[in-house]
Every structure is written in structure tokens, then in C-alpha cells.
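Below: one structure, written as C-alpha cells.
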Amino acid sequence: MAMNRIQFQRGLSMPEFAKRFGTESQCAAALEAARWPNGFSCPRCGGAGHCVLRGGSCKVFQCNACRHQTSLIAGTVFQGTKLPLTVWFLAIYLISQAKTGLSALALKRHLGVSYPTAWLIHHKLMRAMEQREERYVLEGQVQVDDAYLGGERTGGKVGRGSKNKVPFVAAVSFSEEGHPLRAKLTLVPGFTLTAIAQWAKSNLAPGSTVLSDGLACFNAVIDAGCVHQPTVVAGRKPKDLPEFKWVNTVLGNLKTSLSGCYHALAFRKYGAQYLAAFAYRFNRRFDLRTLNARLLLAAVACSPLPQRSIRAADVHC
Ligand SMILES: [Zn+2]
């Protein structure tokens, strides 16, 4: 991986961010542009003709054709929020520019909101990233490995016997030149033939070539029309083999990103979001400057998530 190219790329600076998104009206204009890049479109009938009714500080749009009224934030991940848009935009900025991710606790300090509020913002934005990641499958050559949250590689108790370990498949596609392309980190019920067949059908394009170690369940990728190339070595974990360089690098980065911050129990409940948020960032690692705008688009495209659907925070860092 060309790490320098990634580490030294120009992000969106704090003064630049403050200049562009420092006021409520700037954020509202950016949100409107992200939601309707080609101008207003009625969520009910698709009509473009509309008038704007001012309801407090939040713009309300009324469709000329069907009279349906919608606010700027209705139907997005921001729906129902009482927070100023400037707080949400700052959260999007901080999360998109933080190299190894940001905890809800760090977000609480930066935003000056309560921990439950920061936790909810964090989870809603992680869900937006997760929905974005679900649109992609891996193709071509793909390295896969079995891994565990709260297990031997990502902190928490060591060993496969730990009852809190949460199994997931780590997969990284790479180019013919051997450069990593995209990563997918997906929770699975376990490492069984059935679970891996199902995983492969949802996450791999047919015709992909899957490189794995000798773990038998990975044979099931054949069910998804993929070619399986297992590397069997003495001792089951060929961590040092070049065939698994990228998947091991990704797992190492994940460990750094999650180090010590999340209780193992949280992984069972929210592991999918943590993994998707990590993959989201990894898959856009060359685009630090545009990540802020992309995350805003993801948030606008994400359907509303009532608090009860995310569940209240019961595990703290
Ligand atoms: Zn309409």
C-alpha cells in the first residue's frame, strides 16, 4: 500500500470547514444541494414545482402538484433532530477526517453535547456508512480470512474459546499489480459452509477468485460461482504469507482503530456498524478531501433511524 500517498494527502482543513459550514444557513444550503442536486423533487409525486414555507429555522417545501409538505431533513438520517445542522455537520467533518475513526466519547467532547446524544449521532452516521457499503460487492481476486471482534486480533479476551468473540469475514480485493482495492468486513453466524455460502452470495461477484487458508468452510464460495484457491500450510494461520498480506494489513489497522475503545459486548449488538464504518473509510482512503461531502450524501440518502431502532447506549467506552 502506498501509505505516504494516503497519509500525506490534503484533507479539508478546519478553517476551510468553518468558512464553508460555519452557519446554519450554509449547512442548510449544502444539505439542500446534497439532497436535490437537480433542484427540488417531491418525495411523494416527484414533481419539481414547489413553494417554500418558512417553518421556524427549518425550510419547509410544499409541492405545487400534490400539496405534500416536506422539510429539508424529513426522510434523511437527520429527521426529527433538534440539534442545529452545524452540530451534525461538525460531526460529519470530524468523523470523515479522523484517520482511525472517532469514538462517541471523543465526539461528545468535540461537539459539546451529552454522551447519549453523541452516541446517537455516531451510530446514525455509522448506519449511513453501512448502507453505502452494502451497495458494493468484491470482484476479481479476493483475499479472505476468518476473524473475531473481541477475539485474538481486535482486543479483548485472547483465544477462540472466548464467549464474547464475534465472528466476521475479512475480505480484501486486490488488483493484478497486487494493490489492495476494496475491503469488506461482514459479521457471520459462524464459520460453517452454510454461513460462508450465504456470505459469498451477498458479498462477492460471481467469477471472483478467492484466496484463503485451509479453513474448510471457505470452499463454500464455489456455491456463489467463485473460484476457490486455498493455501494449506502446516499450522492453520499463514499470517506471514504474501497471499494474505492485505487482509492481514486491514485486520491490523482495524485493531488499531478499535483498540480498547469498545466493550466486547457492544460488538455483538453493533459490530456490523463498527466494521462497515471502518471499511467505508478504508475504501475511500484516497479521497480524504471529498470524504466530508460524500458522508453528507450518505447521510441524506440514509432513511430515518428512530432511536428505538438503534437502541439506547448501554455499553460505554
Ligand atoms: Zn408532490
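What FRET efficiency do you get for Ile222 and Ala293 if R0 is 25 Å and r is their Cβ-Cβ distance, rounded to the nearest 0.05?
0.05
As an exercise, use a Förster radius of 51 Å and the Cβ-Cβ distance of Arg44 and Ser259 to find the FRET efficiency, rounded to the nearest 0.05. Spell out each step's value before the answer.
Numbers: r = 47 Å, r/R0 = 0.92.
So the FRET efficiency works out to roughly 0.65.
Per residue, how large is the accessible surface of the stretch 43-126? Use a 1.4 angstrom probe and give square angstrom.
Result: 45 Å² of accessible area for each residue.
What nm distance separates the two modelled labels at Leu105 and His179, each placed 7 Å from Cα along Cα→Cβ?
If labels sit at Leu105 and His179, their model points lie 3.8 nm apart.
State the extension gain, in nm to one decimal, for the chain segment bounded by Met14 and Gln69, taking 0.36 nm per residue of separation less the distance between their alpha-carbons.
Details: separation 55, 0.36 × 55 = 19.80 nm, distance 3.55 nm.
So the chain would gain 16.2 nm between Met14 and Gln69.
Once fully extended, how much extra length lies between Ser303 and Thr194, figured as 0.36 nm per residue of separation less the alpha-carbon to alpha-carbon distance?
36.2 nm
Multiply the residue separation of Val233 and Cys58 by 0.36 nm, subtract the distance between their alpha-carbon atoms, and state the gained length in nm to one decimal.
56.8 nm
The values are calculated or read from the model by the stated rules, or taken from the named source; none is laboratory data. Just so we're clear, the structure is a prediction, and the values are computed from it rather than from any experiment. Neighbour counts are summed over all protein chains in view; Cβ atoms, including those assigned to glycine, are modelled from backbone coordinates with ideal geometry. Ligands, DNA and RNA are stripped out before the accessible areas are found, and what is left, the full protein with its side chains, is counted by its heavy atoms. Shrake-Rupley method; radii C 1.70, N 1.55, O 1.52, S 1.80 Å.
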